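*Asks:* To start, I am sharing the structure in question, which I have written as structure tokens.
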Amino acid sequence: MNIIQCKICKKPFHSVGSKICSDCLQRIDKDFFIVRDYIYDNQGADIDTVSEATGVEKFIILHLLKEGRLELATPGGAGGTMLNCEVCKKPIITGRMCEGCKSKVSETIQKSVEGGKPPAQNKKQDASKPTNKMHTRYDKQ
Ligand SMILES: [Zn+2]
Ligand SMILES: [Zn+2]
């Protein structure tokens, strides 16, 4: 187990892979329903309005967008800078990457798996989920 600083409240906590402590995860889950219900009744509201009306901080809303739990009405939101692809900086409506970069990344992962090298991005995930699964790269003769 690692002790890391929570991304939201900045408190140190024992991490089992998450960057956010369990208190904040619970709070974010609650905030998500508040924000989702508000947006449901107020389609097209911008992040500032949603944040003010619900009392949910903007960075929480942004976090939910990056997790893909909320979507913007237009790519990047007002001004096109609220949410951008982390690779090519293109405005996006949800998640961390645009469709183009997402498929490029999965291609890269595919290639490095084929080459026998584990992709760097997956290291953490692999470590937190140990499996005994085996597979062979050779076809049956
Ligand atoms: Zn926290
Ligand atoms: Zn991109």
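*Asks:* Look at segment 34-47 and say how many of its residues are in contact (Cβ under 8 Å) with a residue 24 or more places away in the chain and assigned to a helix (DSSP H, G or I).
*Replies:* Here the count works out to 4.
*Asks:* When you go through Glu57, Glu67, Glu107 one by one, which is the residue that is within 16 Å of the chain's Cα centre (by Cα) and charged (D, E, K, R)?
*Replies:* Exactly one of Glu57, Glu67, Glu107 is within 16 Å of the chain's Cα centre (by Cα) and charged (D, E, K, R), namely Glu67.
*Asks:* Can you tell which of Glu71, Glu52 is more than 15 Å from ligand 1 (Cβ to nearest atom) and either in a loop (DSSP other than H, G, I, E, B) or crowded, with 18+ Cβ neighbours inside 10 Å (or both)?
*Replies:* Step by step, each of Glu71, Glu52 is checked, and only Glu71 is more than 15 Å from ligand 1 (Cβ to nearest atom) and either in a loop (DSSP other than H, G, I, E, B) or crowded, with 18+ Cβ neighbours inside 10 Å (or both).
*Asks:* OK, next. Being among the β-branched types (Val, Ile, Thr) and farther than 21 Å from Cys6 by Cβ is the filter; apply it to segment 48-59 and report the residue that is farthest from ligand 2 (Cβ to nearest atom).
*Replies:* Among residues in segment 48-59 that are among the β-branched types (Val, Ile, Thr) and farther than 21 Å from Cys6 by Cβ, the one farthest from ligand 2 (Cβ to nearest atom) is Thr54.
*Asks:* Being part of a loop (DSSP other than H, G, I, E, B) and more than 10 Å from ligand 2 (Cβ to nearest atom) is the filter here; which residues of segment 75-90 pass it?
*Replies:* Of everything in segment 75-90, those that are part of a loop (DSSP other than H, G, I, E, B) and more than 10 Å from ligand 2 (Cβ to nearest atom) turn out to be Pro75, Gly76, Gly77, Thr81, Met82, Leu83.
*Asks:* Can you find a residue that is under 13 Å from Leu62 (Cα atoms) and in contact with a Pro (Cβ under 9 Å, 6 or more places away or on another chain) anywhere in segment 88-106?
*Replies:* Yes - at least one qualifying residue is present in segment 88-106.
*Asks:* Taking Lys102, is it within 16 Å of ligand 2 (Cβ to nearest atom) and either at pLDDT 95 or above or not in a loop (DSSP other than H, G, I, E, B) (or both)?
*Replies:* For Lys102, the condition - within 16 Å of ligand 2 (Cβ to nearest atom) and either at pLDDT 95 or above or not in a loop (DSSP other than H, G, I, E, B) (or both) - is met.
*Asks:* Could you tell me how many of the residues in segment 1-32 are in a strand (DSSP E or B) and near ligand 1 (Cβ under 8 Å from one of its atoms)?
*Replies:* 1
*Asks:* Just one of Leu72, Leu62 is out of contact with any Phe, Trp or Tyr (no Cβ under 7 Å at 6 or more places or on another chain), among the aliphatic types (A, V, I, L, M), within 16 Å of ligand 2 (Cβ to nearest atom) and at pLDDT below 95; which is it?
*Replies:* Leu72
*Asks:* Another question about this same structure. Is there a residue in segment 20-31 that is in contact with a strand residue (DSSP E or B) (Cβ under 7 Å, 6 or more places away or on another chain), exposed (fewer than 14 other Cβ atoms within 10 Å of the Cβ), of a type in the set (A, V, I, L, M, F, W, C) and at pLDDT 90 or above?
*Replies:* Within segment 20-31, none of the residues are in contact with a strand residue (DSSP E or B) (Cβ under 7 Å, 6 or more places away or on another chain), exposed (fewer than 14 other Cβ atoms within 10 Å of the Cβ), of a type in the set (A, V, I, L, M, F, W, C) and at pLDDT 90 or above.
*Asks:* Taking the stated definitions as given, is Ile93 part of a helix (DSSP H, G or I) and crowded, with 16+ Cβ neighbours inside 10 Å?
*Replies:* In short, no.
The values are calculated or read from the model by the stated rules, or taken from the named source; none is laboratory data. Note that the coordinates shown come from a computational prediction; the quantities given were computed from them, not determined experimentally. When we count neighbours, we look across all protein chains shown, and the Cβ atoms used for this are built from the backbone with ideal geometry, even at glycine.
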